[in-house]
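**Q** One structure, as structure tokens, below. Some questions next.
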Amino acid sequence: NNIKNYVSTVKDLKAKYKNQIEVRLGIEQDYYSESPATAYDYIIGSVHYIKFGDEYIAVDESENILLDAAQKYYGGDIYLLIEEYYKTLSDVVNKTNADIIGHFDLITKFNENYKMFDESDERYINAYKKAADTLLKTNALFEINTGAISRGYRTSPYPSNDIYTYLKNNGAKFILSSDSHHKDTLCYDFDKFTSLT
């Protein structure tokens, strides 16, 4: 299967380039993944779905999925959905044993210029701060992620500047990531954001 091939390839590359660069074997583990993540050099823990009953709601597939879910499951209150996202995220290190917390505010992927909701709303701020306060106790690194910039969804990395500032002021440590799915975007915009780490 794909994971076995991936692990085998990375191990081969580790051996091949051991005298030139350090190659590490990592995985991005979703909160609801059923496959255990073991024998990796690092784990990125991420939340791509929230659950309402038995239904999985994708938070990063489309704006319509989020707006429809807010109507269908949360009485049209997008902030209730957002609160569920951050509540789930607050447990991601505990659930995945992550070393790195992936794209902290992924829920904002389609929210450029506050298109869907107001990120300065007290309910939004309280939700992310509650998750941040829990995750800060884990000593996991927080990802500064340029993936949504390279794909044209955002003009700034995850997390937003306000969230970054809150995390930094409370002792967070960061790691730069492109969340790249293609070799051409492997180090996308790193020169702009290296100073944040």
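**Q** Can you pull out every residue in the range 142-197 that is among the β-branched types (Val, Ile, Thr) and either exposed (fewer than 15 other Cβ atoms within 10 Å of the Cβ) or under 19 Å from ALA132 (Cβ atoms) (or both)? Break it down into steps so the answer makes sense when it comes.
**A** Filtering the range 142-197 for residues among the β-branched types (Val, Ile, Thr) gives 144, 146, 149, 155, 163, 165, 175, 185, 194, 197.
ILE144, THR155, ILE163, THR165, ILE175, THR194, THR197 - these are the residues of the range 142-197 that are among the β-branched types (Val, Ile, Thr) and either exposed (fewer than 15 other Cβ atoms within 10 Å of the Cβ) or under 19 Å from ALA132 (Cβ atoms) (or both).
**Q** Identify all residues within the range 10-52 that are under 18 Å from the mean Cα position of the chain (by Cα), over 28 Å from TYR73 (Cβ atoms) and hydrophobic (A, V, I, L, M, F, W, C); write none if there are none.
**A** ILE27, ALA37, ILE43
**Q** Which of the residues that make up the range 44-72 are of a type in the set (A, V, I, L, M, F, W, C) and out of contact with any Gly (no Cβ under 7 Å at 6 or more places or on another chain)?
**A** Step one: filter the range 44-72 for residues of a type in the set (A, V, I, L, M, F, W, C), giving 44, 47, 50, 52, 57-59, 65-67, 69-70.
Hits for the range 44-72 are VAL47, ILE50, PHE52, ILE57, ALA58, VAL59, ILE65, LEU66, LEU67, ALA69.
A quick yes/no check of all residues on (1) touching a Leu at 6+ places or on another chain (Cβ under 7 Å); (2) not β-branched (Val, Ile, Thr):
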{"position": "LEU135", "(1), (2)": "no, yes"}
{"position": "LEU141", "(1), (2)": "no, yes"}
{"position": "GLY147", "(1), (2)": "no, yes"}
{"position": "GLY171", "(1), (2)": "yes, yes"}
{"position": "HIS181", "(1), (2)": "no, yes"}
{"position": "THR185", "(1), (2)": "no, no"}
{"position": "TYR188", "(1), (2)": "no, yes"}
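**Q** Select from the range 8-39 the residues that are β-branched (Val, Ile, Thr) and open to solvent by 70 Å² or more (accessible area, probe 1.4 Å) and write down the one among them that is farthest from ASN97 (Cα to Cα). Before the answer, list the steps.
**A** As a first pass, look at the range 8-39 and keep what is β-branched (Val, Ile, Thr): 9-10, 21, 23, 27, 38.
Imposing the further condition that a residue be open to solvent by 70 Å² or more (accessible area, probe 1.4 Å) reduces the set to 9, 21, 38.
Numbers: THR9: 23, ILE21: 26, THR38: 10 Å.
In this case the residue turns out to be ILE21.
**Q** THR134: open to solvent by 30 Å² or more (accessible area, probe 1.4 Å), modelled with pLDDT of 95 or more and of a type outside the set (A, V, I, L, M, F, W, C), yes or no?
**A** It is true that THR134 is open to solvent by 30 Å² or more (accessible area, probe 1.4 Å), modelled with pLDDT of 95 or more and of a type outside the set (A, V, I, L, M, F, W, C).
**Q** Tell me the residue from ASP60, ASP99, ASP91 that is in contact (Cβ under 8 Å) with a residue 12 or more places away in the chain and either closer than 23 Å to SER156 by Cα or of a type in the set (Ser, Thr, Tyr) (or both), please.
**A** Values: ASP99 fails: either closer than 23 Å to SER156 by Cα or of a type in the set (Ser, Thr, Tyr) (or both); ASP91 fails: either closer than 23 Å to SER156 by Cα or of a type in the set (Ser, Thr, Tyr) (or both).
Among ASP60, ASP99, ASP91, only ASP60 is in contact (Cβ under 8 Å) with a residue 12 or more places away in the chain and either closer than 23 Å to SER156 by Cα or of a type in the set (Ser, Thr, Tyr) (or both).
**Q** Could you list, in sequence order, all residues of the range 92-123 that are within 20 Å of ASN145 (Cα to Cα) and out of contact with any strand residue (DSSP E or B) (no Cβ under 7 Å at 6 or more places or on another chain)?
**A** Just the residues of the range 92-123 that are within 20 Å of ASN145 (Cα to Cα), to begin with: 92-93, 96-114, 119.
ILE107, THR108, LYS109, PHE110, ASN111, GLU112, ASN113, TYR114, GLU119 - these are the residues of the range 92-123 that are within 20 Å of ASN145 (Cα to Cα) and out of contact with any strand residue (DSSP E or B) (no Cβ under 7 Å at 6 or more places or on another chain).
**Q** Take residues that are in contact (Cβ under 8 Å) with a residue 24 or more places away in the chain and farther than 25 Å from ILE50 by Cα and tell me which of the helices (runs of 4 or more DSSP H) falling wholly in the range 106-197 contain 2 or more.
**A** 190-193
**Q** For ASP30, indicate whether it is touching a His at 6+ places or on another chain (Cβ under 6 Å) and acidic (Asp, Glu).
**A** yes
**Q** Yes or no: the range 76-87 includes at least one residue that is open to solvent by 60 Å² or more (accessible area, probe 1.4 Å), free of Cβ contacts under 8 Å to residues at least 40 places away in the same chain and assigned to a helix (DSSP H, G or I).
**A** Step one: list which residues in the range 76-87 are open to solvent by 60 Å² or more (accessible area, probe 1.4 Å), which gives 80, 83, 87.
Filter once more, so that each one left must be free of Cβ contacts under 8 Å to residues at least 40 places away in the same chain: 80.
In the following step, the residues that additionally are assigned to a helix (DSSP H, G or I) were identified as 80.
Checked the range 76-87: at least one residue is open to solvent by 60 Å² or more (accessible area, probe 1.4 Å), free of Cβ contacts under 8 Å to residues at least 40 places away in the same chain and assigned to a helix (DSSP H, G or I).
**Q** Now for a separate question. Report the residue count in the range 90-105 for those that are surrounded by fewer than 20 Cβ atoms within 10 Å (Cβ to Cβ) and part of a helix (DSSP H, G or I).
**A** Of the residues in the range 90-105, 2 are surrounded by fewer than 20 Cβ atoms within 10 Å (Cβ to Cβ) and part of a helix (DSSP H, G or I).
**Q** May I ask you to list the residues in the range 40-72 that are open to solvent by 50 Å² or more (accessible area, probe 1.4 Å) and touching a strand residue (DSSP E or B) at 6+ places or on another chain (Cβ under 8 Å)?
**A** If the condition is that a residue be open to solvent by 50 Å² or more (accessible area, probe 1.4 Å) and touching a strand residue (DSSP E or B) at 6+ places or on another chain (Cβ under 8 Å), then ASP41, TYR42, TYR49, LYS51, TYR56, ILE65 are the ones that fit.
The values are calculated or read from the model by the stated rules, or taken from the named source; none is laboratory data. These figures come from a predicted structure and were not determined experimentally. Cβ coordinates were reconstructed from backbone atoms using ideal geometry, including for glycine residues, and neighbour counts include every protein chain displayed. Side chains are part of the model used for accessible areas, which takes the heavy atoms of the whole protein and leaves out ligands, DNA and RNA. Shrake-Rupley method; radii C 1.70, N 1.55, O 1.52, S 1.80 Å.
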